Structure formats: structure tokens, C-alpha cells
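S.K.: To start, I am sharing the structure in question, which I have written as C-alpha cells.
No value in this document is a laboratory result; all are computed from the given coordinates. The model shown is predicted, which means the values in this text are computed figures rather than measured ones. Virtual Cβ from ideal backbone geometry, glycine too; neighbours counted across all protein chains shown.
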Amino acid sequence: MLSALASHGQLAPYNQEHTWLMEELTHSFTYQAAPLPPNDFVDNTDDTWLKWTTVSNYHFGKDRGDLTMIADLSALHPYFRDQIIQLIKTCKAKGITLAVVESFRTSSKQNEYKSMGEKYTRSKGGRSKHQYGLAIDLVPIVDSVAQWHNKALWKRVGIVGEQLGLRWGGRWRHLYDPGHFEWTGGLSMTQLANGEQPSFPNANKYPCLEEDLNLLKKYWNAWENEQATISRKEATTATQLQ
Ligand SMILES: [Zn+2]
């Protein structure tokens with residue numbers, strides 16, 4: 001290292017400083033996984049959850065807050081996921097391209113939306129189907145632009161979703177939410193919160209359902225932990241600034 005720097009003659013000290021600065025900068029971007037809770041995790045080498053597709057704020061032209069949005073279909077309940085894949089495919093066949101804005105959502109993210117006001121959500125953390133992998137937000141894309149205000153297009157998407165047995169947020173009078181689809185197999189929010197699992201047709205097509213759900217819960221917890229840590233950090237910084 002020293003000899004390489006020495007060969008640059010006069011510029012060596014600058015080069016070295018530059019290298020340090022670059023290293024420091026690179027480190028500041030390096031992903032730091034949050035410490036894992038002691039009991040929920042036996043295998044902490046499984047970082048599948050970190051590889052889930054995510055979406056950053058304003059990616060689809062809208063303010064969706066600071067915490068990262070998880071947009072991976074793997075983050076959904078297996079049965080609901082298959083219905084959503086079908087929805088995306090059917091729309092594609094009709095010439096409508098759908099993008100995933102958000103699938104699973106942590107309580108921290110939900111609370112962030114809650115803090116952003118009524119037009120985002122009326123549910124606090126734990127009270128949204130997104131936290132159970134049973135809801136998704138989608139948006140149709142035309143010429144690379146998200147079609148948030150194209151009511152006619154939303155309606156076409158919504159009808160396909162309803163034909164698949166999904167509940168469509170485009171029917172809601174308060175907080176019209178046309179990008180939102182959910183399914184609970186008839187379970188109430190309280191039942192979901194109590195850990196009840198929805199039943200669905202052709203359950204025999206999902207022989208590994210229980211293992212899949214356990215794994216999903218592990219990954220969801222990892223995200224919960226990760227985003228709770230970020231929220232706490234932000235809250236501390238905000239307090240310090242006051
Ligand atoms: Zn939603």
C-alpha cells in the first residue's frame with residue numbers, strides 16, 4: 001500500500017485521504033442488519049427477508065413516507081399470493097401492466113402512514129391486513145407512469161380482482177383506495193390478530209402451508225425488528241433536534 005502511494009509522488013497523501021474518505025462513505029452505505037431478538041431466531045443466517053424486493057419513497061410518484069416499502073410477492077400468504085399473481089396475469093392479458101407498490105407492511109410502517117394523516121390510512125399498527133400478508137397495493141403503469149388517477153383503468157383492475165374473490169379498496173367510500181386488494185377468508189381483524197389462519201378452497205394444493213407460514217412469520221418479524229429500530233432512531237434524532 002505504502003509503495004503504491006509512494007509511486008504517486010506528491011499526490012500520495014491526498015490519495016490516501018481520498019481512499020479513507022471513500023471507505024468511510026462506502027461504510028456509511030453498508031447495510032447494517034438490526035440485532036435479532038433472542039427467542040424468535042434460531043437460524044440467523046437465513047437472510048432471505050433482506051433480499052425481498054423493496055420500493056423507496058416517491059418511486060411511484062407519491063409520498064409514501066420514509067420507511068422502505070416491501071413490494072415482494074413472496075412476502076404474502078401463499079394462497080393470497082397466488083390470487084395476486086393471477087390478477088397480475090389476467091390484467092396483463094387485457095393489456096394492463098400492474099406494479100406492486102407494497103405487499104407485507106410492518107407495524108412501524110403502518111404507524112408511519114397513520115402519522116401522515118387520514119388520507120393514508122385509518123388503521124394503526126397491527127390493524128391492517130398488510131401486516132398479515134393478506135393485502136397488497138398495486139398501481140397500473142402506462143408508459144412508465146403510475147396511473148393513480150385513472151378511474152376507468154382502476155375499475156377494470158378492480159373487477160378482475162373481485163372475480164378472483166378479493167376485496168377491492170376501490171369500493172370503499174371513506175378512503176377510496178383502488179390500488180388495495182385484500183383477502184381474509186372471512187376472518188375478522190380480531191381473529192387475525194389472535195393468530196387465526198384463514199381457510200381457503202383447494203388447501204391440498206398447499207401441502208407445506210404450515211412451514212411456509214412459519215418461515216413467513218420469521219421473515220416478517222425480521223422486518224418488524226429492522227423497521228422498529230429505524231423508527232426509534234428517527235424518533236431519537238427528532239427529539240434531539242427540538
Ligand atoms: Zn393497502
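S.K.: Could you tally the net charge around residue 169, taking each other residue with its Cβ under 9 Å from the Cβ of residue 169, Lys/Arg +1 and Asp/Glu -1?
M.R.: -1
S.K.: Further question: Relative contact order for the stretch 83-181: what percent, with Cα pairs under 8 Å and sequence separation of 6 or more?
M.R.: This gives 26 percent for the stretch 83-181.
S.K.: Using a basic spin-label model with each label point 7 Å from the Cα along Cα→Cβ, how many nm lie between residue 119 and residue 50?
M.R.: In this crude spin-label approximation the distance works out to 3.7 nm.
S.K.: Given bins 10 angstrom wide, list per bin the percent of all Cα-Cα distances in the stretch 93-193, short to long.
M.R.: 15, 47, 32, 6, 0
S.K.: With 31 Å as the limit, write out which pairs from 94/124; 62/129; 124/205 have Cα-Cα distances beyond it, or answer none.
M.R.: Pairs exceeding 31 Å: 94/124; 124/205.
S.K.: In the neighborhood of residue 124, defined by Cβ-to-Cβ distances under 15 Å, what is the net charge if each Lys or Arg adds +1 and each Asp or Glu adds -1?
M.R.: For residues surrounding residue 124, the net value is +3.
S.K.: With labels modelled as points extended 7 Å from the Cα through the Cβ direction, what inter-label distance (nm, one decimal) is found for residue 213 paired with residue 232?
M.R.: It works out to 3.0 nm between the two label points.
S.K.: Under the definition of Cα pairs under 8 Å and six or more residues apart, what whole-number percent is the relative contact order of the stretch 48-241?
M.R.: 21 percent
S.K.: Expressed in nm to one decimal, what extension gain is obtained for the pair residue 190 and residue 174 from 0.36 nm per residue of sequence separation less their Cα-Cα distance? Let's see the in-between values first.
M.R.: On the way: separation 16, 0.36 × 16 = 5.76 nm, distance 2.10 nm.
Extending this stretch completely gives an extra 3.7 nm.
S.K.: Moving on. So, counting K/R as plus one and D/E as minus one, what does the shell of residues with Cβ under 14 Å around residue 206 add up to?
M.R.: -2
S.K.: Moving on to the next point. Residues of the stretch 71-111 with the amide nitrogen closer than 12 Å to a label point 7 Å from the Cα of residue 163, along Cα-to-Cβ, please.
M.R.: 87-95
S.K.: If I take all pairs of Cα atoms in the stretch 48-241, what percentage of them are more than 27 Å from each other?
M.R.: The answer is 27 percent, as a whole percent.
S.K.: Cα atoms only: what Rg and Dmax, in Å, come out for the stretch 38-156?
M.R.: 15.4, 50
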